[in-house]
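The values are calculated or read from the model by the stated rules, or taken from the named source; none is laboratory data. Computed from a predicted structure; not experimentally measured. Note that we place each Cβ from the backbone using ideal geometry, even for glycine, and neighbour counts take in every protein chain shown.
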Amino acid sequence: MSGINSQKQSQETAKIRVLIADDHETVLEGLAAIIGRQSDMIVVAEAVDGRDAVQLWSIHRPDVALLDLRMPVLDGVDAMEQIRGKDTGARLIMLTTYGTDHEIARAIKAGARAYLLKDARREEILECIRQVHSGKICIPPELVAKLAAGVSSESLTGREQNVLELLAKGWSNKEIGASLSISETTVKSHLRNIFSKLNVLSRTEALTEASRRGLVRL
C-alpha cells in the first residue's frame, strides 16, 4: 500500500502545480475544471481576491499562478508584486478581459511571464501554462504590438494624468483648476499637451483614447 501511495505522490509531484485567482466564481470553476482535466497539471489552490492569492501562494508555492487583473482587496498587479517580493523567480500569468497597452505594461513590470485575454482558446491557455512553467515568456503577438505602440508614444506627466482623470469625471476646466489649485489657463495648457500626446483633437476623443490605453476608467 505504501508503494502505491508513493507512486501516486510521485505522479502528482511531476505535474505542473497551478494556483488560480479570480473573483468571478464561474471563471474560477471553469479554469479549475479545464486545468484539472490535463494529465500534466493539477490545481493546488483557488483564490477569490488578490490578498487570498498571495496567502495561498505562500502556503502552496505553486509552479505557475494565473491571476485575474481586476480583483477586490488587492488587484492582480499588486498581488504579483507581493508574490515576487517573496520569490523573484515566481512564474506568474495575468489572465484578464483588458488588453490595453497600459495594463499589459503594468503586468509585465510587476513580473508577469505571460499576459492572456480571457477569450483566448483553452488550448492557448494550457499551452501558455506549459511554456511559462518551462521558463518561457508567453505574450500573444497582437498584444506585443499594442505594448510596443504604447511604449513608443510619449507618456503623460503626473499633473496631466490628474487633469485627465478629472476630465473623465465630467468636470469643467474651472472645476479641474479649483481642485488642483491651478488656473484655467494652466488647465487648458495641460489639455493641449494631453491631446498632442494622445494624438486626438477633442475632449471626447481624448477620453476614448485614454480609456483604450487603460489610463482612465469611464
Residue within segment 192-207 that is at pLDDT below 95, surrounded by 15 or more Cβ atoms within 10 Å (Cβ to Cβ), under 30 Å from GLY50 (Cα atoms) and out of contact with any His (no Cβ under 9 Å at 6 or more places or on another chain) present: yes
Hits in segment 111-127 - residues which are within 17 Å of the chain's Cα centre (by Cα) and part of a loop (DSSP other than H, G, I, E, B): GLY111, LYS118, ASP119, ALA120
Checklist (1) within 17 Å of HIS102 (Cβ to Cβ); (2) in a loop (DSSP other than H, G, I, E, B) applied to ILE194, failing item: (2)
Top-ranked residue in segment 160-176 [being charged (D, E, K, R) and surrounded by 14 or more Cβ atoms within 10 Å (Cβ to Cβ); ranked as nearest to LEU198 (Cα to Cα)]: GLU160
Hits in segment 23-49 - residues which are surrounded by 15 or more Cβ atoms within 10 Å (Cβ to Cβ) and among the charged types (D, E, K, R): ASP23, GLU46, ASP49
Sole exception among (1) at pLDDT 95 or above; (2) out of contact with any helix residue (DSSP H, G or I) (no Cβ under 8 Å at 6 or more places or on another chain); (3) part of a loop (DSSP other than H, G, I, E, B) for ARG130, by number: (3)
In segment 50-63, the residues that are among the acidic types (Asp, Glu) and crowded, with 19+ Cβ neighbours inside 10 Å: ASP52
Index of the failed condition, VAL27 passing every other in (1) touching a strand residue (DSSP E or B) at 6+ places or on another chain (Cβ under 9 Å); (2) at pLDDT 95 or above: (2)
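Would you point out which residue out of LEU92, LEU66 is in contact (Cβ under 8 Å) with a residue 60 or more places away in the chain, in contact with a helix residue (DSSP H, G or I) (Cβ under 7 Å, 6 or more places away or on another chain), crowded, with 24+ Cβ neighbours inside 10 Å and assigned by TED's automatic domain parsing to the domain that holds ALA107?
Details: LEU92 fails: in contact (Cβ under 8 Å) with a residue 60 or more places away in the chain.
Step by step, each of LEU92, LEU66 is checked, and only LEU66 is in contact (Cβ under 8 Å) with a residue 60 or more places away in the chain, in contact with a helix residue (DSSP H, G or I) (Cβ under 7 Å, 6 or more places away or on another chain), crowded, with 24+ Cβ neighbours inside 10 Å and assigned by TED's automatic domain parsing to the domain that holds ALA107.
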Failed item, numbered, when LEU215 is tested on (1) more than 21 Å from HIS102 (Cα to Cα); (2) in contact (Cβ under 8 Å) with a residue 40 or more places away in the chain; (3) not small (Gly, Ala, Ser): (1)
Any strands (runs of 3 or more DSSP E) falling wholly within segment 24-106 and containing at least 3 residues that are over 16 Å from the mean Cα position of the chain (by Cα): 41-47
